[in-house]
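The values are calculated or read from the model by the stated rules, or taken from the named source; none is laboratory data. In this text, all values refer to a predicted model and were calculated from it rather than measured experimentally. Heads up, the Cβs are rebuilt from the backbone with ideal geometry, glycines too, and the neighbour counts pull from every protein chain shown. SASA here: full protein model, heavy atoms, side chains in, ligands and nucleic acids out. Shrake-Rupley method; radii C 1.70, N 1.55, O 1.52, S 1.80 Å.
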There are 4 protein chains.
Amino acid sequence: MLDGAAGDEISSRRNREGFERITFRPRPLVDVSKRTTSTHVFGQEISMPVMLAPTGAGRLAYRYAELAVAKAAGEAGTIYMQSTVTAFPLEEVARVATGPLWYQLYLPHSPKETEEMLNRVSAAGYKALSITIDTPIFGNRERDRHNRLSIPQRITPRLVFEGMTRPAWTAEFIRGNFSPSALRGRPPKNLRLSSTATQQAIIATQWPVTWDDVRRVREWWHGPLLIKGIMRADECEQFLDYGVDGFVVSNHGGRQLDGVPGTIEVLPEVVEAVAGRAQVFLDGGVRRGEDAIKALALGATAVFVGRPYLYGLAAAGQEGVKRVLELLHGDIDRTMALLGLRTLDEIDGSFVRVSAH
Amino acid sequence: MLDGAAGDEISSRRNREGFERITFRPRPLVDVSKRTTSTHVFGQEISMPVMLAPTGAGRLAYRYAELAVAKAAGEAGTIYMQSTVTAFPLEEVARVATGPLWYQLYLPHSPKETEEMLNRVSAAGYKALSITIDTPIFGNRERDRHNRLSIPQRITPRLVFEGMTRPAWTAEFIRGNFSPSALRGRPPKNLRLSSTATQQAIIATQWPVTWDDVRRVREWWHGPLLIKGIMRADECEQFLDYGVDGFVVSNHGGRQLDGVPGTIEVLPEVVEAVAGRAQVFLDGGVRRGEDAIKALALGATAVFVGRPYLYGLAAAGQEGVKRVLELLHGDIDRTMALLGLRTLDEIDGSFVRVSAH
Amino acid sequence: MLDGAAGDEISSRRNREGFERITFRPRPLVDVSKRTTSTHVFGQEISMPVMLAPTGAGRLAYRYAELAVAKAAGEAGTIYMQSTVTAFPLEEVARVATGPLWYQLYLPHSPKETEEMLNRVSAAGYKALSITIDTPIFGNRERDRHNRLSIPQRITPRLVFEGMTRPAWTAEFIRGNFSPSALRGRPPKNLRLSSTATQQAIIATQWPVTWDDVRRVREWWHGPLLIKGIMRADECEQFLDYGVDGFVVSNHGGRQLDGVPGTIEVLPEVVEAVAGRAQVFLDGGVRRGEDAIKALALGATAVFVGRPYLYGLAAAGQEGVKRVLELLHGDIDRTMALLGLRTLDEIDGSFVRVSAH
Amino acid sequence: MLDGAAGDEISSRRNREGFERITFRPRPLVDVSKRTTSTHVFGQEISMPVMLAPTGAGRLAYRYAELAVAKAAGEAGTIYMQSTVTAFPLEEVARVATGPLWYQLYLPHSPKETEEMLNRVSAAGYKALSITIDTPIFGNRERDRHNRLSIPQRITPRLVFEGMTRPAWTAEFIRGNFSPSALRGRPPKNLRLSSTATQQAIIATQWPVTWDDVRRVREWWHGPLLIKGIMRADECEQFLDYGVDGFVVSNHGGRQLDGVPGTIEVLPEVVEAVAGRAQVFLDGGVRRGEDAIKALALGATAVFVGRPYLYGLAAAGQEGVKRVLELLHGDIDRTMALLGLRTLDEIDGSFVRVSAH
């Protein structure tokens, strides 16, 4: 499930291949004995240019899901962007978090609900807000379907029985009311509810994001506002006009529209279009710290990882996530040294070369 | 048999690879909550930009062959282009059809027969006519030969015995008179007559199509006239001069001349040469609805599928074809939503990018 | 042995890949009902643009080696270019041949021997002469070495025993006198003398070809003179100055210098440099008639096949070679029809497109 | 261990692929009967343009390590560049060497130690000195880690016991004093000290090379001075200003920063930047003599081999190295003959063509 993507999984593959086509050009004889991997995102210092992507799959990987992830991110000195699709309410995650949190919003049904939601997010102390624009509908996740990770078609006795342990939650879920407020509590203990099912439920009821929504959210949200899922440079200008502060070049890990390019392929044109008027981030295909450095050389401020920390989460919970982040930090530190970089500010396009596809 | 192509099957492979080299560029924040996959071909509305290609292989896949295909196409709201090479006479197919039909003509021996044929096709209510130009002779289908799908070399007792159940048909077949009029009836029940054999028979006796034929057919046929099998843009102009209404970029599924490019590779140059003076279609390598959208982005009006519905036909007859068409419709609907398209009119080249071969 | 090439066998692979990167662009609506595959090479009509390459491997494939090949070539209406390295003397091959022969010369030690050799070749009725220029030394045929196909290092009792059946031949062979005149007779019956060994022997004693040799041969040989093994266009001019009539673009089937390009990659630049002042041929990688048509579209007059007929020879002797030539003829005839060609004169570069490597 | 590289081993793979993308363009009819593979490096004649790269892995491959390598190199008439990381002291290697030696320096902690070191190297008769610039820290050698080739984390009884046989060495090693002077003697007989461990130890304590170091070494070292590990042409100018005599384009065999290009990809731009003001060498991916010729055609003076001779060393000690060098010599001789080269001075870019990546 953590592995699966949409359709023929071409975009997922291209996310990786894009990185492999970029080579490094190290600068020698720089005194790298003192160097730092830290950087700033919207004024916030983080320990390395890697943040934790929102995902609805946490619960499948580990019982305490987002709670563990938030704590590990804080310990590692970086930011966790929490998803709307979670096993735990956003306030509970915020309470245990040991570092800054961002919030990835799937828009609720009405402007009123949106405003309430933003108030909750803000009150809980989330620093930045991201609107995901690549989920007008749910992607074609064939591997998930093969593995029966989907909303139960029929109400089975087992589902009813398990539902008894959390009657309110189950009732809403079965009624198809997947709004975060209705499903605020934890799901029944033994209900093997797939993240795909939950996410599909949430997205199915998401109000299609419109330019009016962007305007409204921008009005109500006073922190940094990001747009996640941009894959065309020519769409950036309008978002900038609406006052957006950042972009996440993302193809949803190849899990929405199969056939889009790898995100690192699209990054340069977005960076060029944005021209410094917003920060640009990337997710998709980041597996090593070297990949983060490549994205930075092409103009990203930082990257998000998803699958790597989910693997750590599934393997060893909070400690697993922490270990994965340590490995990524080690990669970045080592790569900086070998490239001749003391700070990430020194990186530019001269440190890499991109081969043609 | 349904899988096989000509020679080293390079063209068949390139049909697929051509689609894989095209990536999508989704447009965000379009309100796609109301969208339609329907489009128009020669003024006829169809439910989606996917039509059913002519094939002689229906009988091998399913007993009721074209009858089932025609019914499934009509139920799905799209067009079936019937082949000259069929198990059932064109009138019988037309009688059971629940939607519009087109006819793909292999030219008979003489202008007189051609005229009679066109009269039959017209009288039966077929809406458009297509002349296939890539079968001056039969291709080199090695896999079929390995699987012994060819015209029987000798008249075996079994063939004679089976022939007894349909003596007239068999007599004509054995005499080598493969003209549609001679073979109008159904073949003997147990005769495992391969489509390759039948098609080879028909093609073997096709009068080589000439420009005179095109002129004559254009004179006699009052509906839309298509040329199927175009693979060079520089040949379009003359066809347009002769009053052709549409082109099908096709390499016969890679089953005629091995070594031709993939059809999606050739589509752009044909679209450019035609410059809106005719509708351009494509067949070859379309396996998902995403492929149809890619072809439309490069200028096609619609595409044809062959193998996918034959697989459905072989698996579950009419229901199987219907299911395949539903899947394709679902793909197209989902891809439109994820690309930010409400109608197919909105699609243009900005939604895709083509990587070099 | 018939499969092996030099080093990592990169050039052998590139010979094939070069053809696969060329696609066809068929011209429709040509009346191809009357068509011919015949063509002319130096005024001689041949049944198809495929000739039989010289090879020293015949004896390993089949007892009667060149005798069978020469007869099959004649029956098929095409030309066999015989190698200096053969199991049978050139006069014996000429006596049984049923069609025109060409001769591929490895230069003997002295001008005098060369002149004698040319007199023999001419007297025996060979029509054209080819000088091979890519064998100043023997290539690095690792697969042959692994399979122990090399000159025996030591004189073993078995070699001596077998040698008794043909004492003169063996004596010369063991003495290292590999000149054709010394080894004129047949080798001992049971001596498993590999073609590699024989060829290595001949080449080892070949006088390095110089410009003086070309001048002398041109003076003494009154028929068409070819240069075989050209792989650089910039070397053609000087050969033309010396009165050469034809070039064979060849990398010795990838068996001499590994790492040279595929021959079909080099063909266009040679054709351009020669600019019609000589005929250009190609060998290397031709496996189907389609390949011959591709080479002709890029400017070749005809091609040579090696391995394909050796496989036929190994499988079924003369009949096997004949069958292979029939298949190639069928390919060419079918490809011409499907491309819209009535004669080979009509072919030009517009019928193909070359993808980048 | 001899096989392993850093990270995903992409750079190691690209070293090879770079050579495979280069094809040869042989020049015919050159009289290559008299030819020589010898060349000159800094005025020193060597038997072929292949030298032996420094490596710390010798001890793992063979007990007598550098002693055997130095002797084999001398017998083969070429140069061995000895590493700072060795099983035997530089003086002992120099004493047994039968040919010229170069020295590859990892800089010690202080200028004073550096000066002492240079005095030792000079006194021992090493002809040229190379400073490695791609090891500011140790690379990410995952395969080595998987195989437990790393510095022991804890002092085990076994380590202590084994250490008793060479107490001084062990004491320094355990104290973490890895400087060559401290570890001058041989390590304890049974201590399975991996080259990775030793090299890691040395590098861990190397003073980061600075421009001041280059200036100082240049002042103190009167022989030819090389910079090893250059991978960016734009850095050459400054080195030339500091009086450097040669560059080794090297990515440390792909064992330092994974993701750098293949060295043969970078060679042309370095050659162009240097513009004849220094000699340019290459290591990385050279497996056959053909590769050396390709590098020379692109402007290198000679190349270094590493893994090939280590395999020979592991298989058969000094004889194994000698055999590998004979094979490489044979490759070069044969390739020169087949390309039409009598001397290496005749080679230029016209003999190769580079395909795009």
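When B:ILE46, B:ILE22 are screened for being among the aliphatic types (A, V, I, L, M) and more than 9 Å from chain A (Cβ to nearest Cβ), only B:ILE46 passes. Does any residue of the range A:297-310 turn out to be under 25 Å from A:ALA97 (Cα atoms), more than 14 Å from chain D (Cβ to nearest Cβ), modelled with pLDDT of 95 or more and out of contact with any helix residue (DSSP H, G or I) (no Cβ under 8 Å at 6 or more places or on another chain)? Yes: one or more hits. For the range C:336-345, give me each residue that is surrounded by fewer than 20 Cβ atoms within 10 Å (Cβ to Cβ), farther than 14 Å from C:GLY299 by Cβ and either more than 12 Å from every other protein chain (Cβ to nearest Cβ) or not basic (Lys, Arg) (or both). Of everything in the range C:336-345, just one residue is surrounded by fewer than 20 Cβ atoms within 10 Å (Cβ to Cβ), farther than 14 Å from C:GLY299 by Cβ and either more than 12 Å from every other protein chain (Cβ to nearest Cβ) or not basic (Lys, Arg) (or both), namely C:THR343. Of the residues making up the range D:237-253, those that are over 17 Å from D:ASP283 (Cα atoms) and surrounded by 22 or more Cβ atoms within 10 Å (Cβ to Cβ) are D:PHE239, D:VAL244. Restricting to the range C:99-131, and then to whatever is hydroxyl-bearing (Ser, Thr, Tyr) and modelled with pLDDT of 95 or more, can you tell me which residue is surrounded by the fewest Cβ atoms within 10 Å (Cβ to Cβ)? Only one residue tops the list, namely C:SER122. Evaluate the following for A:ARG218: is it open to solvent by 10 Å² or more (accessible area, probe 1.4 Å), modelled with pLDDT of 95 or more and either at positive phi or not aliphatic (A, V, I, L, M) (or both)? In short, yes. Among the residues of the range C:83-98, the ones that are in a strand (DSSP E or B) and either within 15 Å of C:GLY320 (Cα to Cα) or at pLDDT 95 or above (or both) come to 0 in all. Among the residues of the range C:1-35, those identified as touching a Lys or Arg at 6+ places or on another chain (Cβ under 9 Å) and basic (Lys, Arg) are C:ARG16, C:ARG25, C:ARG27, C:LYS34, C:ARG35.
Inside the range A:225-268, residues that are in a loop (DSSP other than H, G, I, E, B) and more than 8 Å from every other protein chain (Cβ to nearest Cβ) make up a count of 8.
Could you say whether any residue in the range A:274-287 is within 13 Å of chain D (Cβ to nearest Cβ), in contact (Cβ under 8 Å) with a residue 24 or more places away in the chain and open to solvent by 10 Å² or more (accessible area, probe 1.4 Å)? Yes - at least one qualifying residue is present in the range A:274-287. Within the range A:99-114, the residues that satisfy the criterion of being over 26 Å from A:PHE281 (Cα atoms), part of a helix (DSSP H, G or I) and in contact (Cβ under 8 Å) with a residue 24 or more places away in the chain are A:PRO111, A:GLU113. Among the residues of the range A:57-77, not a single one is outside any loop (DSSP other than H, G, I, E, B), within 18 Å of A:ALA300 (Cβ to Cβ) and out of contact with any Pro (no Cβ under 7 Å at 6 or more places or on another chain). Here B:VAL248 meets each of (1) farther than 24 Å from B:ALA5 by Cα; (2) among the β-branched types (Val, Ile, Thr); (3) under 18 Å from the mean Cα position of the chain (by Cα) with one exception, condition (1).
For the range D:17-37, filtered to residues that are of a type in the set (Val, Ile, Thr) and buried (at least 18 other Cβ atoms within 10 Å of the Cβ), the residue that is nearest to D:ASP245 (Cα to Cα) is D:THR37.
This table checks each residue for (1) touching an Asp or Glu at 6+ places or on another chain (Cβ under 8 Å); (2) among the hydrophobic types (A, V, I, L, M, F, W, C); (3) assigned to a strand (DSSP E or B).
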{"position": "C:VAL303", "(1), (2), (3)": "yes, yes, yes"}
{"position": "C:GLY317", "(1), (2), (3)": "no, no, no"}
{"position": "C:GLY320", "(1), (2), (3)": "no, no, no"}
{"position": "C:ARG334", "(1), (2), (3)": "no, no, no"}
{"position": "C:LEU338", "(1), (2), (3)": "yes, yes, no"}
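Residue count for the range C:1-50 under the criterion of being within 30 Å of B:GLN256 (Cβ to Cβ) and in contact with a His (Cβ under 9 Å, 6 or more places away or on another chain): the result is 9.
Of the listed requirements (1) at pLDDT below 80; (2) outside any loop (DSSP other than H, G, I, E, B), A:LEU149 misses just one: (2). Checking the structure you have, find out if any residue of the range B:314-326 is within 14 Å of chain A (Cβ to nearest Cβ) and buried (at least 21 other Cβ atoms within 10 Å of the Cβ). Scanning the range B:314-326, I find no residue that is within 14 Å of chain A (Cβ to nearest Cβ) and buried (at least 21 other Cβ atoms within 10 Å of the Cβ), so the answer is no.
For the range A:38-60, a residue qualifies if it is open to solvent by 10 Å² or more (accessible area, probe 1.4 Å) and more than 16 Å from the chain's Cα centre (by Cα), and the qualifying residues are A:SER38, A:THR39, A:HIS40, A:PHE42, A:GLY43, A:GLN44, A:GLU45, A:SER47, A:LEU60. Annotation note: of D:LEU101, D:LEU52, the sole residue that is touching a Ser or Thr at 6+ places or on another chain (Cβ under 8 Å) and of a type outside the set (Gly, Ala, Ser) is D:LEU52. Of the residues D:SER83, D:SER12, the single one that is among the hydroxyl-bearing types (Ser, Thr, Tyr) and open to solvent by 20 Å² or more (accessible area, probe 1.4 Å) is D:SER12.
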